[in-house]
1. Find the centroid of the Cα atoms in segment B:129-157 and in segment A:127-154, then give the distance between the two in whole Å.
2. Would you tally the net charge around B:MET389, using a Cβ to Cβ cut-off of less than 13 Å, leaving B:MET389 out, and scoring K and R as +1, D and E as -1?
3. What GluC sites (Glu not before Pro) does segment B:394-503 have in DSSP loop regions with at most 10 other beta carbons within 10 Å?
4. Ignoring ligands, DNA and RNA and using a 1.4 Å probe, state the total buried accessible area between B and A in Å², rounded to the nearest 100.
5. Net charge within 10 Å of A:PRO180 by Cβ-Cβ distance, Lys/Arg positive one each and Asp/Glu negative one each, not counting A:PRO180 itself?
6. Compute the signed sum of charges (Lys and Arg +1, Asp and Glu -1) over the other residues within less than 13 Å, Cβ to Cβ, of B:PRO89.
7. Under a crude label model (7 Å from the Cα following the beta-carbon direction), how far is B:ASP498 from B:ARG110 in nanometres?
8. Under 8 Å for C-alpha pairs, at least 6 residues apart: give me the relative contact order for chain B, rounded to a whole percent.
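The values are calculated or read from the model by the stated rules, or taken from the named source; none is laboratory data. The structure presented is a predicted model; accordingly, all values stated were derived computationally and were not measured. Heads up, the Cβs are rebuilt from the backbone with ideal geometry, glycines too, and the neighbour counts pull from every protein chain shown. Note: areas computed on protein heavy atoms with side chains; ligands, DNA, RNA excluded. Shrake-Rupley method; radii C 1.70, N 1.55, O 1.52, S 1.80 Å.
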Amino acid sequence: MFVVLLIALAATGGLYAAFAPAEEAQADNRAQSLAIDEGEALYRVGCSSCHGRSGEGGSDGPSLVGVGPAAVHFQVGTGRMPLQNPGAQAPAKPRAYTQAEIDQLAAYIGSLGPGPAVPEASAYDPADGDAARGGELFRTNCAQCHNFTGQGGALTHGKYAPGLDDVEPIFIYEAMLTGPQNMPSFPDTVLPEQEKRDIIAWLNAVNTSESPSPGGFSLGGFGPVSEGLFAWTFGIGALVALTVWIGARSAKARKS
Amino acid sequence: MSTATEPRKSTARGKAPAGEKVADWADGRLGIYSLAKANMRKIFPDHWSFLLGEICLFSFIIVMLTGVYLTLFFVPSMGHVEYTGSFEPMQGVMMSEAYASTLDISFDVRGGLLVRQIHHWAALLFVVGIFMHMMRVFFTGAFRKPREINWLFGFLLLVLALFTGLTGYSLPDDLLSGVGIRFMEGAILAVPVVGTYIQMFLFGGEFPGYDIIPRFFVVHVLLLPGIMLGLVVAHLILIVYHKHTHYAGPGRTNDNVVGMPLLPVYMAKAGGFFFLVFGVITLIAATVTINPVWVLGPYRPDQISTNAQPDWYLGFSEGLVRMMPGWEWVIPGGYTLNFGLLVPLIVFPGLLTAIALYPFFESWVTKDPREHHIAERPRNNPTRTGFGMAWLTAFGVCMLAGGNDLWAIHFHLSINAITWFCRIGFFVLPVVAFFVTRRICLGLQRRDAEKVLHGRESGIIKRLPHGEFVEVHEPLSQEQLYTLTAHEQQKPLELGPDTDKNGVRRPVNPLERVRARFSKAYFGEQAQITKPTREEYKEITEGHGDHH
Ligand code: HEM
């Protein structure tokens, strides 16, 4: 009985091996290792001075072993890396690498140790998210640093949670996944994929340059501080200009 | 304009128009003619800064009118509902009825959003107006006898406006305002001994409970506006009774008022002004968002956001809390003294009281029993102006601290550095402001004296026969000379010799000594530039006659 089973298994295994698309897998693997090699070359030139010869980290940058391709895609894709000036925080800036190079870098870092992968497009498509639910999740998990609608906020000693207006959905997803710098990470165990999508849908609904602003100019969305500044400048300015005008209207009567 | 007497003549003619008949009917019962006669010729002087009070009055009226409209649709309840209105990003969210009805006002009530925005912008500008108005009264010394009571009425209006604003801002029960209520609750809890009791009483149990919004609603739409309306009327009655102050000038003395009669000229202007103010506020409300509660989300005690500030007029209380280090003592018995909140809770009313009581301080220093109807120029009382600027500086530093996170992120500064700057600045900058202001005032006084004696710089340069260049100074007109020298200059209080004529030590009340010190600070040699006398003027103008 056992023998029969074993033979059957061996046979199916052999059959599978014979019919499996071995070519493709190998091609994939080859492309992958090519990308890793290219990535390593790029890494040596652009990143190793801070992150160590093979990503082990150093005095100028943390270890990249196990941060995963998503972290690289986020950090280099938003221009944060390569870091230029050491400061309170690595700021987003125009990116220094092409998309292909970023993928290569990501592949290389990914090969150093397992970490979160770059998400599929379906994972962060705002159209599939529920903005209302995302709003609640955002207020629970993110608003304490990023403000109600993601206008950004200050952290201690010059660090800050940046404004999230017009950040690409994929970067929002990856930021949650990898937790850059002072931001905590929200892996799928904490915030499942669907909830991440909801959050992205919320930000898409309220904080892009296309989001509707039913009340008129939004004054940057900073709430009472910008409203107060507006009242003290344009508001009272217009009213005082009127008082001066009205006051001057009767100067003629006085002279007569 | 003898409108007050005309009607009686025309009734005698027997064919009065309908309006007059109504007026006659009313006069027979209410005595309006004599009232009108007494008041229609009241004079209101012209100066733009005297219209700041009008801005307050008109925006108050606008706030009331729009508030009534909002009450028709607002549901002051903390009962839970699921939002089903037309704002998509909130559909399906559980929220209080208060928040849901605010969203309905914004998106499903005709004109609701505009009215909400008018209400809120008008409320902000109302308090800005009160503030500017108060500063005008302060810096011109218009609070002096006999107007101290009216100063207090105005001050009470400011305080009530702050609390009306606080309660109104809380009504929509959104996350931002809920955080504000939470903040307030924390401050109440920090009060030793009675804090917890007050908190329980106010909220009808644990925070947040179900009572606070309905209670705030009553306070916001009935209690406070009612008291304010009464105070506004009292304020206006006293203005009519005291008559307005005016700036000194030829023919404008301490015993008269020069300006336009209340009716019809002034009323017509004021009526027009009302519509201008309404227009400006509506224009702002129609184009600029204020308090977009729809993206802030409903209040939930487990949520919080950064950049959460109160409306500007409570920004200084926010700043006080942000500046204060979070010191805490646990005293024997296990009681906690939370200085991080307790100290701001004391300084907040302290700052307000300081300005409220200033007039009484000044009148104690001057012991001046006379009435004052001339609005002083700020430069002519450098010490008062200095105190005012010091107060404003302290207020400003608090405001700065209240927005520390926004300045940090927008100007790429460290929030810690800003906070430390404010902590030190709160004590240092007002002192600096005081002395700098006094210097500037003295400089301006000196320039006035210069102008009186040597005339105005004309900008024309003349070359004398021997080659020297001189600038031609034009003498001032008689009116200008009067205006620049009309202010009175008091002498500082003299305590007299320490010993009487027999050489015996004269006891002097230590309080009097303090008073003398202040009096010197106000009227001593370093505190004012002696204005030119008639003799000086004559001597100089006649001596220089050949020059021009
Ligand atoms: C008789 C006078 C007033 C009435 C009947 C009134 C009524 C109301 C009502 C029903 C609301 C809630 C609806 C909403 O959220 O939009 C509200 C909100 C508010 N009120 Fe008033 N109010 C009055 C006076 C004032 C005054 C004097 C101030 C300020 C000094 C003020 C400031 C506010 C503010 C800041 C809000 C929040 C508005 C917002 O949500 O954007 N109100 N008021």
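1. If you average the Cα positions of each part, the centres end up 45 Å apart.
2. Details: positive: B:ARG379, B:ARG384, B:ARG438, B:ARG439; negative: none.
Within the 13 Å Cβ shell, the charges total +4.
3. B:GLU468, B:GLU494
4. Details: alone 29820 and 15770 Å², together 40650 Å².
When B and A are taken together, about 4900 Å² of accessible area is lost.
5. Details: positive: A:ARG80; negative: A:GLU174.
Cβ neighbours under 10 Å give a net charge of 0.
6. Details: positive: A:ARG133, A:ARG139; negative: A:ASP130, A:GLU136, A:ASP198, B:GLU88.
Here the charged neighbours net out to -2.
7. Once both label points are built, they end up 8.4 nm from each other.
8. Details: 676 pairs, mean separation 85.6, N = 548.
It comes to 16 percent, rounded to a whole number.
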